[in-house]
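Please see the structure below; I have some questions.
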Amino acid sequence: MDQDWTAVGDAMRARLDELGMTMTDLAAKSGVSLTTVRELVHVLNTRRRQPRTLVSLSTALGWPREHLGNVLRGRPLSEPLPPDELASVRRELRDLRRRIEALERTVGKAT
């Protein structure tokens with residue numbers, strides 16, 4: 001099985017830059033050690049990793065769970081939402097939650 005650890009490091013580095021996130025931030029957010037994050041970003045150690053490591057990093061970087069695993073195996077990538085679209089979706093979700101909570105309060109008073 002071909003594994004492209006350089007592509008994983010490149011993808012992580014680009015995403016960190018795009019998000020304005022540091023490797024320390026990523027380690028904290030993902031629960032993956034800073035040493036492992038550095039090894040992956042700089043392609044310092046290509047030893048076998050637990051699948052959950054790439055899942056945790058993908059999720060922390062705002063990608064689908066399987067994203068970095070797909071990058072590693074050279075599979076087609078799923079594209080994440082651009083940050084401005086993601087922010088818009090989050091705003092809409094917050095608005096919907098407020099509306100549902102208001103409806104639940106109204107229904108609760110009526111019963």
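Each value in this text was obtained by applying a stated rule to the coordinates, not by laboratory testing. These numbers come from a predicted model, not from an experiment. Heads up, the Cβs are rebuilt from the backbone with ideal geometry, glycines too, and the neighbour counts pull from every protein chain shown.
Calculated FRET efficiency, L34 and R97, Cβ-Cβ r, R0 41 Å, to nearest 0.05?
E between L34 and R97, to the nearest 0.05, is 0.75.
First measure r as the distance between the Cβ atoms of L44 and L19, then evaluate 1/(1 + (r/R0)^6) with R0 = 25 Å and state the FRET efficiency to the nearest 0.05.
0.70
Given an 8 Å cut-off on Cα distances and at least 6 residues of separation, report the relative contact order of the stretch 1-77 as a percent.
Computed over the stretch 1-77, the figure is 37 percent.
If Lys and Arg each add +1 and Asp and Glu each add -1, what is the summed charge of the other residues whose beta carbon sits under 12 Å from the beta carbon of G69?
Around G69, the charge tally is +3.
Ranked highest first by average number of other Cβ atoms within 10 Å, how do 12-24, 29-41 line up?
Ranked by mean Cβ neighbours within 10 Å, highest first: 29-41, 12-24.
Would you work out which of G108, S88, L34 lies farthest towards the positive end of the dipole of the chain, given +1 charges on the beta-carbon of Lys and Arg and -1 on that of Asp and Glu, about the Cα centre?
It is G108.
For E85 and T59 in the same chain, what is the full-extension length gain: residue separation times 0.36 nm, less their Cα-Cα distance, in nm?
Net length gain for the segment: 7.6 nm.
Classify the stretch 19-89 as rounded, prolate or oblate from the Cα gyration tensor: take a ≥ b ≥ c as the square roots of its eigenvalues, call it rounded if a/c is under 1.5, otherwise prolate when a/b beats b/c and oblate if not.
oblate
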